[in-house]
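S.K.: I have a structure I would like to understand better, so I am pasting it below and will then ask my questions one at a time.
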Amino acid sequence: MDGKSEGKHKGPERGSRLGVAVRAVVPLGLAVVVAVGVGGGVDLVHHVQRPDPEPQSASKPVKAGKGTKTAGPKGAEPRYVVGVRRTGGSLVVRDLRTGHDVGLPVAAPQGRRFQRVASEGDGSYVVAAATPGSGSSKVTFQRLTLEEDGHPKDLEAIPRVSVPGASTEWSDLAVGSDGDKIAYVTYSGTRSRMSVVSVETGARKTWTTKAPARISSLSWAGDTLSFVWNPLRTVAGKQVEKAHQVRTLDTSGAAGDLKVSRPILKLPEGSRAAVLSPDGMRIVTTVTDGRQVLVKSYYVTSGKPAEVLWEQKAEATVAHHEGPEVARLDPDPTGDHYLATGGDGRLFSESVGAVPAADLSDAAW
């Protein structure tokens, strides 16, 4: 256990200007994201996924169709996404309606490279940063705030908050819905570390595992942290992912071995990204068949299909002859909208067919 449990709080004050908060960052007006997993005690999920009727208290599944297919009213889809350049040297704000960048790129702190980004709501984003090329043993965090028109406003360091371990291409980030806690996956040798840090106090809890796997798709519902568990096996000298599984971890409990996490759902074929709905009642995932990106949900209690949220056509690209595999799924702060990041470098949402993003290693809205 790497620290004490965090508590509820209002979080640090926001709004300080760039030059005050992060002195090493180029001012916004000039500035031009391994394999290890859950312990041997972790079991596999054996849900038989059939399109059974949902519980009587829930609404009927929504039939898939062209464009948005969701039940009930909801707010407008976010317009802007914040992305991490593949070099890690800067952040960019991209307009989903036009595909163009808004304002100038935001430079990473001196000697650091941005790794992952996650929305904190209210036009702010938490960004992880690490020292490049040195097997850095610490990840730090900054907060980026946007103007209403999407232009970058402030970038400030989040004091006292850091996570030990090396940040890699398999690391992932999630921020609690009220901004009070940050979850991040780092790696130390062959061991993965799932760390949860209090934004107010810096107190940290850590869960580790020795079993070979990759951990992705972190998401929060209250104190429950969900993730996709991707076991690895060695084939012809290379490590290959096996079936993807959604698990949940009660972060209010004691830190220790990640095997205390609970299996929820074995993802269907063609799916590798999944997040927990804000109310903790459903798992939202993506399924691709080479012709479309389909976002659908499953009940947590039964593992049965709930509803199709939306689908978009996704014609194959030259690099991906069978269409894009969705590498990430990102909910907006309300949980009403989901942004799918294709492995072919395109962003998809219910109102946007495809937005170029091959220059980004991570994106959030």
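Every number in this text was worked out from the coordinates using simple rules, so none of it is lab data. As the structure is a prediction and not an experimental result, all values here were calculated from the model. Note that each Cβ is placed from the backbone with ideal geometry, even for glycine, and that neighbours are counted across all protein chains shown.
S.K.: Please go through the residue pairs Lys210/Lys266; Lys74/Lys242; Lys181/Lys259; Lys210/Lys296; Lys138/Lys266; Lys238/Lys296 and name each one whose alpha carbons sit more than 26 Å apart in this structure.
M.R.: Lys74/Lys242; Lys210/Lys296; Lys138/Lys266; Lys238/Lys296
S.K.: Here's a follow-up. Could you sort the peptides 172-179, 145-152 by per-residue average Cβ neighbour count (10 Å cutoff), highest mean leading?
M.R.: Going from most to least packed, we get 172-179, 145-152.
S.K.: Continuing with this model, one more query. Take Ser171, Ser349, Ser277 and order them by how many other Cβ atoms sit within 10 Å, fewest up front.
M.R.: Neighbour counts put them in this order, fewest first: Ser277, Ser349, Ser171.
S.K.: I would also like to ask the following. Where does each of 221-231, 258-268 land if you order them by average Cβ count within 10 Å, highest first?
M.R.: Going by the mean number of other Cβ atoms within 10 Å, highest first, we get 221-231, 258-268.
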